[in-house]
Structures are given as C-alpha cells and as structure tokens.
Amino acid sequence: MLKPDLPCYDDLEGDSLPKGFSRVIDAHVHVFPDLIFQAVRDWFDEHAWKTRYREKSQDLIAFLLDHGVGHVVALQYAHKPGIADFLNEYMIDIQNRFPGRVTGMATIFPGEDRAREILDRAFEKGLGGVKLHVHVQCFDMDSFEMDEVCDICRDQGKPLVIHAGTEPKSEQYRCDPYELCRADKVERILKNFPGLKICVPHLGFGEITEYKHLAERYDNLWLDTAMVLTDYFPLPEKPDLSTYRKDRIMYGSDFPNIPYAWDRELIWLRDSKVSSEDLEKILYKNALRFFDIQRIPENA
C-alpha cells in the first residue's frame, strides 16, 4: 500500500554495472513528456516517495546507457482518452534519439475511438508493443476494450506489458486495484490469446505466488522484477528466484520513479544465489526474446 512520506534512500550508486555483468537490458524504464513527467513526480512526492532521479526523459535514458545498461525498454501510459497519439509520437522521437539502444512501447486508453488505427500507426513507425497500467487507467481486464487491445497486439505480433498486480495500491487512485486486478483475470487473457506475449511487472506484486504459478503453466507469460527485489516494500516473504521458471523473468528497474540508487536491484541480483547462466537469462536473454530486440552491446 502506498502512503505519503515513504522513505527515500541516499544510498551510494555505482558508476557502472556491477562487476561481472557484461550485458543488461532494463525492461522497465518510464519516460514521459516534460509536463506529464512533472505531474507524475508531483503525485509520487505527495502520495508515496520523493523520486530520486528527476531529469528529462532523454537525459535519464542517456544516464542508464552511460552507466553500462546495453538497452532500455521505455514505457508510458495514457491516463485518459485522446492523448495516446501524442504520447506515441513522443515515444517514437525518444526511440529515434537512441538508434538500436531503446525499444519504445506504445500506449492506448482501452476503449477509446480509433484504437486499432492509433496502434497500427505506432507500430508502423517502429514502436515495439503496448504498455497498459490498470491502476491508473481504471479499466476492466474482462472487458471488450481489453480484448480489443489484445487482438491488435496479437495480429501485429507485438507484446503487451500490463501492470495487473494488485500492488502497490494507493487510496488516491480513482479506482480500486483490488477489484480490477486479479491473477485470474490475467489467466483468462492468457487462455484466450495464447499467441500473445504478456509481461506482468513487479513479479505480479500483490499476488506474487499466483503469478509464479501462472508463469509455470503458460508459455506466453513473462514477469519483470521491478522494485520487488530491493527490500523496499514489506513482503510476507522475499521472492526466491531460484524457484522460478528462469526463462520467464526479466530484469526491470522502474527507473526513474524509484526512491534509491539506480543499481540497487542489480546489486541484489549480483549477491543472490542465482547461477551465472540464469542471471544471463534474467538480465538480458529473456528480454531479447520477449521484445524481439536484435542485439545489445557488451559492456566493456
């Protein structure tokens, strides 16, 4: 549960990837146009934590690349109808600023007019899939509107990243994630769209065990690790990645909307008991496959 004045740590940050990490894809990085980004930060400042990194989108991506991250998957979401075209054009510009180093994800507000036209145009211009956020967009995953987005992604062969875990919930949301977000709703989509690759971020935070089991049963489900490996949120028990299906977990940071150093989660992974072979899958190989990324440079 999000609440005001959650801690923001002044922990030391590295100037490069942890020793031994040669290739990393960050599969969960947020970008927005300046005014929307400032509104997002203001919301976090008031209702959760003070975000530590507050530069412009292109500077934030350059920061990660300069620190050794080989490729960035950039995410944003349309919080209301009518702005998806604008956001997608912005994402196309961001992607074009970093040729071959950024995969930008399109967005749509489920149920808005011309959804297929908007997404088809975004894909034609090079965007790599769709990002949705149920907590913010407040739509029913059991709806025609959700199925329409899934149909479009499936038809175009594009993956879908959807924040569908129940946490972190905030009383400031205009809808209740506990009502809209349940693992069984995602399972319906997995069953009905078996050819559609879906990623649920944060290991499905709120229903971590349920999503772990879903990933074992469905080949079209991936999970990312954003913010749940950093010992920031109180969890009933820490996720044990050694018990997960290793080919379905992707590293993601939630950068820059984090209250600690950019590499905190990478350090956790370095110090974990995950084998070097499985770490390679989590750090970049699984994301290569999920997002259809052609190659990433090796960190010197």
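Here, each number is a calculation from the coordinates, and none is a lab measurement. Nothing here was measured: the structure is a model prediction, and the numbers come from that model. Virtual Cβ from ideal backbone geometry, glycine too; neighbours counted across all protein chains shown.
Data table
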| quantity | calculated |
| --- | --- |
| Residue in region 221-233 that is of a type in the set (D, E, K, R), surrounded by fewer than 18 Cβ atoms within 10 Å (Cβ to Cβ) and free of Cβ contacts under 8 Å to residues at least 12 places away in the same chain present | no |
| Output for region 124-181, where each listed residue is assigned to a strand (DSSP E or B) and closer than 20 Å to THR209 by Cα | VAL161, ILE162, HIS163 |
| Output for region 223-278, where each listed residue is of a type in the set (Val, Ile, Thr) and within 20 Å of HIS163 (Cα to Cα) | THR225, VAL228, THR230, ILE249, ILE258 |
| Hits in region 245-293 - residues which are among the aromatic types (Phe, Trp, Tyr), assigned to a loop (DSSP other than H, G, I, E, B) and crowded, with 20+ Cβ neighbours inside 10 Å | TYR251, TRP262, PHE291 |
| Filtered residues of region 48-67 (kept if under 21 Å from ASP10 (Cα atoms) and of a type in the set (Gly, Ala, Ser)) | ALA48 |
| Positions within region 93-139 being in contact with a Leu (Cβ under 9 Å, 6 or more places away or on another chain) and of a type in the set (S, T, N, Q), in sequence order | GLN95, THR103, THR107 |
| Of the criteria (1) in a helix (DSSP H, G or I); (2) on the phi > 0 side of the Ramachandran plot; (3) not small (Gly, Ala, Ser), which one LEU60 fails | (2) |
| Filtered residues of region 20-54 (kept if without any contact (Cβ under 8 Å) to a residue 40 or more places away in the chain and either among the acidic types (Asp, Glu) or over 22 Å from ALA84 (Cβ atoms) (or both)) | ASP34, ASP42, ASP45 |
| Scope region 81-105; condition in a loop (DSSP other than H, G, I, E, B), over 20 Å from HIS71 (Cβ atoms) and touching a helix residue (DSSP H, G or I) at 6+ places or on another chain (Cβ under 9 Å); matching residues | ILE83 |
